[in-house]
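Structure, as structure tokens:
The values are calculated or read from the model by the stated rules, or taken from the named source; none is laboratory data. Remember, it's a predicted structure, so these values are computed and weren't measured experimentally. Neighbour counts are summed over all protein chains in view; Cβ atoms, including those assigned to glycine, are modelled from backbone coordinates with ideal geometry. SASA here: full protein model, heavy atoms, side chains in, ligands and nucleic acids out. Shrake-Rupley method; radii C 1.70, N 1.55, O 1.52, S 1.80 Å.
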Amino acid sequence: MSKVALTTLGCKVNQVETETMEGLFRQRGYEIVDFSQPADFYIINTCSVTHLGERKSRQLIRRANRLNEKAIIAVTGCYAQIASKEIAAIEGVKVVIGTQQRHKIVDLVEQAAREDGLFNEVSDIMHTQEFEDIPLYGTPHRTRAFLKIQDGCCNYCSYCIIPYTRGPIRSRRLDSVKTALDNLVADNFHEVVLTGIHLGAYGRDFKGEDISLSDAVKTCLANPDLKRLRLGSLESIEVSPQLLELVKNEQRFTKHLHLPLQAGSDEILKAMNRHYTTAEFARLIANIRREVPDIAISTDIIVGFPGETDELFQKSLEFAKSMNFAKIHVFPYSKRTGTPAAVMLNQVDENVKKQRVHLMQQMEQQSALDFHTQFLGKNMEVLFEQTHDGYTEGLTSNYIKVYVPGEIPSGEITGVTLKEIFQDGILGEIIVK
């Protein structure tokens, strides 16, 4: 039996796509091994969001070649999409795919094993119009299943390379969403997370059809055996009244939204080509919390964007603090060749970026603590995921990490009393029925 090792860099969508390719290899009888082990085939799903992601991608390619210089190395993902020639020149690479054609992965590596030469399947992603609908044959490494229903982006934020690596918006058809969701539930996954590159734009490419993300949510919730449905990241301005109504009234639809802010000053938001002001963002958040009081709102913030002065950073810090986020993912700005921001004046010094990351993270820790504290003493349902160091950890509907002593079966949803602040979450006690 041939052995294949797969590894992923980057976002949740990349992780889903790697699991999808892994399923294709399983269906063809391959043994899946850890990437650190010798294998006949290595599949590397790359990231191009930052220069660091690209560097790590190259390192993984070279590591695979050292593990087995006779192995077939296939490189896919965003970095492969925009730099296929650069990747093809790295020793050991036999197959380059990009962000489409992954349904061919098994056939391509088998062809590369039989024939000499390089197989480069990267095409112009900007002309792609159809969602690449590949069956998901289980996700054996998870208790929560991630279901990709959308690809591509039309926002063109000035710092982001992703629209150029993913192409235009493409959405998964509702009948396919239903089939994939039903299969995951049949595989005993209690929580499914809908993901996409520009998730809130789901359905916009269905010309002449009035279909949106709320329709995909309803399609999933129509399965009575689904215990929980969660959304991946989406833009605040794309939280429609219909979607908010579902969050408010559907018990199985988790009370958590990840809404990237990216900057807390209007000057930087405009330079970023973000499509809202801080005042509009604040009104949207206030409305969401008014409708769903216990909701967790998490976010992303970039610090050190070109032109961000000390004064503008302080403004961003204070605005983010005022939003009382449950969680903030903080990133230093990373220059991406080919984006408008890369050639902007007033680039921020790297040491200054590091200082600002530290200050934003300090604020984030207090914000998360304040959010967690308001739930102490409450009873909540927890989906347990993994056990280590004598505790089993899991997540509430509103994305609080909960720890309980002892071992709870992975994937089980259990009532827990939230007792005290513990590590990065709350220590709980199982409710005995």
Original post:
For the stretch 42-108, what is the accessible area per residue in Å², given a 1.4 Å probe and the full set of protein chains?
Top reply: 41
**OP:** Report the local net charge at Ile301: Lys and Arg +1, Asp and Glu -1, summed over other residues whose C-beta lies under 14 Å from its C-beta.
**Re:** +2
Original post:
Using helices alone, what [θ] at 222 nm do you get for the chain, with -39,500 (n - 2.57) per DSSP H run of 4 or more residues, divided over all residues and rounded to the nearest 500?
Top reply: -10500 deg cm²/dmol
Original post:
Per-residue HN-Hα couplings for the stretch 412-420, Karplus 6.51 cos²θ - 1.76 cosθ + 1.60 at θ = phi - 60°, whole Hz, x for Gly and Pro?
Top reply: 7, 9, 9, x, 9, 8, 7, 9, 7
**OP:** In vacuum, with every alpha carbon of the stretch 50-108 counted as one equal point scatterer, what does the Debye formula give for log10 I(q)/I(0) at q = 0.17, 0.19, 0.23, 0.26 Å⁻¹? Two decimals, please.
**Re:** -0.52, -0.65, -0.93, -1.14
Original post:
What nm value, rounded to one decimal, do you get for the distance between Lys335 and Gln365 when each label is placed 7 Å out toward the C-beta?
Top reply: 3.1
Subject >> Residue-span extension gain [Lys178 to Gln59] - 0.36 nm each, minus C-alpha spacing >> reply: 39.0 nm
Original post:
Residue farthest toward the positive end of the dipole of the chain, with Cβ of Lys/Arg at +1 and Asp/Glu at -1: which of Tyr333, Leu427, Thr277?
Top reply: Tyr333
Original post:
Could you give the radius of gyration (one decimal) and Dmax (whole number) of the Cα atoms in the stretch 21-63, in Å?
Top reply: 12.4, 36
**OP:** Run the accessible area of the stretch 124-179 with a 1.4 Å probe and give the carbon-and-sulfur part as a rounded percent.
**Re:** 55
Original post:
By a straight-distance test (C-alpha under 18 Å), which lysines pair with Lys270 as possible cross-link partners, with residues fewer than eight away in the same chain excluded?
Top reply: Lys315, Lys335
Original post:
How much of the calculated P(r) for the stretch 233-375 lies past 26 Å, in percent of all Cα pairs?
Top reply: 26
Original post:
Can you give the percent of C-alpha pairs in the stretch 118-261 whose distance is more than 29 Å?
Top reply: 16
Original post:
Hey, which of these cross-link pairs are over 30 Å Cα-Cα: Lys401/Lys433; Lys321/Lys419; Lys104/Lys227; Lys178/Lys248; Lys70/Lys148; Lys3/Lys218?
Top reply: Lys104/Lys227; Lys70/Lys148; Lys3/Lys218
Subject >> 19 Å cut-off, amide nitrogen to a point 7 angstrom out along Asp107 Cα→Cβ, residues in the stretch 1-37 >> reply: 20-30
**OP:** Determine the per residue accessible area of the stretch 170-322 with all protein chains present and a 1.4 angstrom probe, expressed in square angstrom.
**Re:** 40
Subject >> Inter-label distance for Asn287 and Asp187, nm, one decimal - labels placed 7 Å from Cα along Cα-to-Cβ >> reply: 3.7
Subject >> Radius 10 Å from Cβ of Leu259, net charge of other residues (Lys, Arg +1; Asp, Glu -1) >> reply: -3
**OP:** Rounded to whole Hz and in sequence order, give me ³J(HN,Hα) for the stretch 267-281 from the Karplus expression 6.51 cos²θ - 1.76 cosθ + 1.60, θ = phi - 60°, writing x for Gly and Pro.
**Re:** 4, 6, 4, 5, 5, 6, 6, 7, 9, 6, 9, 4, 5, 5, 4
**OP:** Mind putting together the pair-distance distribution for the chain? All Cα pairs, 20 Å bins, whole percent per bin, short to long.
**Re:** 24, 57, 19, 0
Subject >> Considering only the stretch 108-236, percent of DSSP beta bridges that pair antiparallel, nearest 5 >> reply: 15
Original post:
How large is the convex hull of the Cα atoms of the stretch 298-433 per residue, expressed in Å³ as a whole number?
Top reply: 133
**OP:** Name the residue farthest towards the positive end of the dipole of the stretch 123-177 from the options Ala145, Ser158, Pro135, assuming +1 on Cβ of Lys and Arg, -1 on Cβ of Asp and Glu, about the Cα centre.
**Re:** Ala145
Original post:
In a shell of Cβ-Cβ distance under 10 Å around Phe384, excluding Phe384 itself, what net charge do Lys and Arg (+1) and Asp and Glu (-1) give?
Top reply: -4
Original post:
For the charge dipole of the chain, defined by +1 on Lys and Arg C-beta atoms and -1 on Asp and Glu C-beta atoms about the Cα centroid, which residue among Val402, Met126, Ile288 has the Cα displaced farthest towards the positive pole?
Top reply: Met126
**OP:** Heavy atoms only, probe 1.4 Å: what % of the accessible area of the stretch 270-322 goes to carbon and sulfur, would you let me know?
**Re:** 52
Original post:
Which value, in debye to the nearest 20, describes the size of the charge dipole of the chain about its Cα centre when Lys and Arg Cβ atoms bear +1, Asp and Glu Cβ atoms bear -1, and nothing else is charged?
Top reply: 240
Original post:
Which of the peptides 24-37, 173-186, 65-78 is most tightly packed, and how do the rest follow, going by the mean number of other Cβ atoms within 10 Å of each residue?
Top reply: 65-78, 173-186, 24-37
